[in-house]
Amino acid sequence: MTAHQTLLPAGWDRPRGYANGMAAHGRLVFTAGIVGWDERQRFVSEDMVGQFEQVLVNTVAILAEAGARPEHIVRMTWYVTDRAEYVNNLAEIGQIYKKFIGKVFPAMTVVEVTALVEASARIEIETTAVLPDPVS
């Protein structure tokens, strides 16, 4: 049994690459804002694309600690420091997303911010996942 349901009102066009809303039940798993550094807190890349890949590596590893997988993700909030860099690299970002997350399209928000607390960070992502209730 799945722990979530995609919400798409009748007559609405299906959004591309995300969901307008999700309903979920089960064990909640949250990540902090994850940036593109490795396990020793060293940034692996100076550009957004390289950092994005590391963010997803980190996110998948953190979720796994709770027994969650990418298909359990119901919400992501992305903070980017340069909208143009994000938009100009959407094809590559999409390929990386597909590689690590697959065809999982949670409720998602992308926000441009002037800076992140980690000065070298180009992107930071918070993720919420919901594990299904155990079958009794």
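The values are calculated or read from the model by the stated rules, or taken from the named source; none is laboratory data. Just so you know, these numbers come straight off a predicted model, no measurement behind them. As a convention, Cβ positions derive from the backbone with ideal geometry for all residues, glycine included, and neighbour counts pool all protein chains shown. Surface areas here come from the heavy atoms of the whole protein model, side chains and all, with no ligands, DNA or RNA. Shrake-Rupley method; radii C 1.70, N 1.55, O 1.52, S 1.80 Å.
Working with all protein chains in place, sort D13, D133 by solvent-accessible area computed with a 1.4 Å probe, largest first. The partial results should precede the final answer.
Details: D13 135, D133 85 Å².
Accessible-area ranking of D13, D133, largest first: D13, D133.
Could you please put T59, T114 in sequence from largest to smallest accessible area, using a 1.4 Å probe?
T114, T59
On a 1.4 Å probe surface of the protein chains, which of E46, E71, E124 comes out largest in accessible area, and what is the full order?
Greatest to least solvent exposure: E46, E71, E124.
Give me the net charge of V130's neighbourhood, meaning all other residues with Cβ under 10 Å from the Cβ of V130; Lys, Arg count +1, Asp, Glu -1.
Taking every other residue near V130 into account, the sum is +1.
What distance in nm lies between label points placed 7 Å from Cα along the C-beta direction at V110 and Q95?
1.6
Positive end of the charge dipole of the chain (Lys, Arg +1 and Asp, Glu -1 on Cβ, about the Cα centre): tell me which of V57, L8, V117 has its Cα farthest that way.
L8
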